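The values are calculated or read from the model by the stated rules, or taken from the named source; none is laboratory data. Computed from a predicted model, the values in this text were never measured in an experiment. We place every Cβ from the backbone using ideal geometry, glycine too, and count neighbours over all the protein chains shown. Surface accessibility is based on the protein's heavy atoms, side chains included, excluding ligands, DNA and RNA. Shrake-Rupley method; radii C 1.70, N 1.55, O 1.52, S 1.80 Å.
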Amino acid sequence: MYPRSFADSDGDGVGDLPGITSRLGALKELGVDAVWLSPFMTSPQRDAGYDVSDYCDVDPLFGTLADFDALRETAHGLGIRVVVDLVPNHSSIDHPWFREALAAGPGSVERERYVFRHGGGVAGELPPNNWQSVFGGPAWTRITETDGTPGPWYLHLFDSSQPDFDWGNPWVHERFREVLRFWLDRGVDGFRVDVAHGLVKADGLPDYEVPTGGSMGGDDRTAPYWAQDGVHEVWRDWRKVLAEYGPERVLIAEAWVAPLLKMANWVRPDEMHQAFNFAYLETPWDAAALRAVVDESIAAFASVGAPSTWVLSNHDVIRHPSRLALTPPPPQGEGIGPRSPRHPDEAVGLRRGRAATAFMLALPGSAYVYQGEELGLPEVIDLPDSARQDPTFARTAGKIYGRDGCRVPIPWEADSPAAGFNTTGASWLPQPETWGRYARDAQRGVPGSTLEFYRSALAQRRASSLATGAVEWLASQPEVLAFRNGDLTIIANTGATPVPLPRGTIVVASDEVSGDVVPGDTTVWLRGVTRT
């Protein structure tokens, strides 16, 4: 859930916590059992909340701590757990901890909270190394001391407004233990940890040339600022803190790590509980590739006693109906805009996206759904440059569109202002004129709608205990994925040519199925298929 774009209670154009609370009933009806909230903590919002200036309060843009308590209480009353996003790799430059570090001066203990280094060149005028920001440009910014003289440089792997903590400092560890306990005491059920493969840097901060498409990690090479062994001690420590609150609290990693067997190190029994499966998210709509990543995922996570996770969309990537309609898809984080060389076919994307969802929800493990995908929302491509707010767009002078296209406020009511996002019509990112046809009220109760398809699939997933089942692959044509999970047989046709439909009762279908064939880009779940 991306709070800025879910529901807006006060009409200022930005979603908020009371708005979320007012719509939780729709999530219960959808069939979800937990919500993960992207950051709502105090922030100057230079990176949509991922630049935190107070880890123990709610940004007034989203409400108050009392509003959070009401959200949590309402969610728990509906049987929905609440997971909050925590950003430990960096803070905002507006955080008192960083301001104090600047004011304290060279050699102070306050400076040791963050990664400060002297520059190169004759007089320190060059960055300490060649590291590049994920958002584009150098990963270093030089400060000016209070007396006006040039000072050292601070590291920011993301925007220059997001200085990296120095996790070699015990003070940083203790502050985040306090943050964990603050939210656990308020009743949160766990944390999704942003950049969980970051935090720790290699000794000496050696130079590193970023491979194409590998800025966030997940590349075969290990960058000196990603996936360092020392980060596992942080997660073991956090796991102990959560254990103080019982066995039901969870840690979920955003860790762009490859291969999957290495990613599994984040979910060893004494570390985190789950990790987002980005290898699966980035797999194209291709039978052989999907079977390979499913097998690799299940084996890798099972090797450490953890469930695999499955995810197709989130607030950082192109929405999967649009992404899967492009072959190959654009690299992660680049987005799609008016000047992009390729645009997805919306009809092909929706059909393929629904088929991919039906395949994903049939797999054992934990499935994550991003707000709006249950409505079939595509990526918004035609956002004007003047409306874009992703810092990537600004830092690359518009060469990379970034993530705004998947963050546009979602539609609730077709004929209401801002499609029901609020009552005033304001929207922090402009909504397309076509948004109304995707609105929840236009799909609720409508047979064959994307919303009803999601509701049916989630209900059947729970009723058939697919999450705790197993994959038994069946013989099939090259473009087809066929397997059993429990008492269901799943057929996913990733090709364009119809394939034979086994005899049985269809319980879920991603699109209309008639006769004795499964159309292209369609997935069906059947019960009662005779074993041969």
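Scanning the stretch 482-490 for any residue that is open to solvent by less than 50 Å² (accessible area, probe 1.4 Å) and acidic (Asp, Glu) turns up nothing.
Cβ-Cβ below 8 Å, separation at least six or inter-chain, first residue in the stretch 424-438 and over 21 Å from Ser386 (Cα atoms) and modelled with pLDDT of 95 or more, second in a helix (DSSP H, G or I) and open to solvent by 50 Å² or more (accessible area, probe 1.4 Å): which pairs? From residues that are over 21 Å from Ser386 (Cα atoms) and modelled with pLDDT of 95 or more, the pairs are Thr424/Pro417.
Taking (1) over 23 Å from the mean Cα position of the chain (by Cα); (2) under 30 Å from Gln162 (Cα atoms); (3) of a type outside the set (A, V, I, L, M) in turn, Thr424 satisfies each apart from (2).
No other residue among Glu248, Glu271 is open to solvent by 40 Å² or more (accessible area, probe 1.4 Å) and either modelled with pLDDT of 95 or more or assigned to a loop (DSSP other than H, G, I, E, B) (or both) apart from Glu248.
With (1) surrounded by fewer than 17 Cβ atoms within 10 Å (Cβ to Cβ); (2) more than 23 Å from Ala287 (Cβ to Cβ) as the list, and Pro432 as the residue in question, which single condition is left unmet? Only one criterion in (1) surrounded by fewer than 17 Cβ atoms within 10 Å (Cβ to Cβ); (2) more than 23 Å from Ala287 (Cβ to Cβ) is unmet by Pro432, namely (1). Once the stretch 327-371 is narrowed to residues that are within 16 Å of the chain's Cα centre (by Cα) and over 17 Å from Pro284 (Cα atoms), the residue that is surrounded by the most Cβ atoms within 10 Å (Cβ to Cβ) is Gln371. Within the stretch 507-523, residues that are more than 10 Å from Asn493 (Cα to Cα) have Cβ atoms under 7 Å from residues that are of a type outside the set (Gly, Ala, Ser) and at pLDDT below 95 in no pair, counting only partners at least 6 apart in sequence or on another chain. Tell me whether the stretch 82-94 contains one or more residues that are among the charged types (D, E, K, R), under 26 Å from Gly187 (Cβ atoms) and surrounded by fewer than 21 Cβ atoms within 10 Å (Cβ to Cβ). Taking every residue of the stretch 82-94 in turn, none turns out to be among the charged types (D, E, K, R), under 26 Å from Gly187 (Cβ atoms) and surrounded by fewer than 21 Cβ atoms within 10 Å (Cβ to Cβ). If you check Asp147 against the conditions, is it under 30 Å from Gln332 (Cα atoms) and not basic (Lys, Arg)? No; evaluated as a whole, the condition is false for this residue. Just checking, how many residues over the stretch 56-84 are touching a helix residue (DSSP H, G or I) at 6+ places or on another chain (Cβ under 7 Å) and polar (S, T, N, Q)? Adding up the residues that qualify gives 1. Taking the numbered list (1) open to solvent by less than 20 Å² (accessible area, probe 1.4 Å); (2) closer than 30 Å to Ala66 by Cβ; (3) hydrophobic (A, V, I, L, M, F, W, C) in turn, Leu157 passes all entries but (2). Quick check on the stretch 178-229: of everything there that is of a type in the set (S, T, N, Q) and touching a residue at least 40 places away in the same chain (Cβ under 8 Å), which residue is nearest to Phe116 (Cα to Cα)? Per the criteria, the residue is Ser215.
Residue-level check: of (1) open to solvent by 10 Å² or more (accessible area, probe 1.4 Å); (2) over 24 Å from Arg181 (Cβ atoms); (3) aliphatic (A, V, I, L, M), Ala7 misses just (1).
Looking at Arg403, Arg395, can you tell me which residue is open to solvent by 10 Å² or more (accessible area, probe 1.4 Å), more than 21 Å from Asp345 (Cβ to Cβ), touching a residue at least 12 places away in the same chain (Cβ under 8 Å) and out of contact with any helix residue (DSSP H, G or I) (no Cβ under 9 Å at 6 or more places or on another chain)? Steps first, please.
Numbers: Arg403 fails: out of contact with any helix residue (DSSP H, G or I) (no Cβ under 9 Å at 6 or more places or on another chain).
When all the criteria are applied, what remains is Arg395.
Touching an Asp or Glu at 6+ places or on another chain (Cβ under 7 Å) and either under 19 Å from Val193 (Cα atoms) or open to solvent by 10 Å² or more (accessible area, probe 1.4 Å) (or both), is that true of Glu254? Against the criterion (touching an Asp or Glu at 6+ places or on another chain (Cβ under 7 Å) and either under 19 Å from Val193 (Cα atoms) or open to solvent by 10 Å² or more (accessible area, probe 1.4 Å) (or both)), Glu254 qualifies. Considered as a group, the residues in the stretch 297-315 that are in contact with a Gly (Cβ under 7 Å, 6 or more places away or on another chain) and of a type outside the set (A, V, I, L, M, F, W, C) include one that is surrounded by the most Cβ atoms within 10 Å (Cβ to Cβ), and that residue is Ser308.
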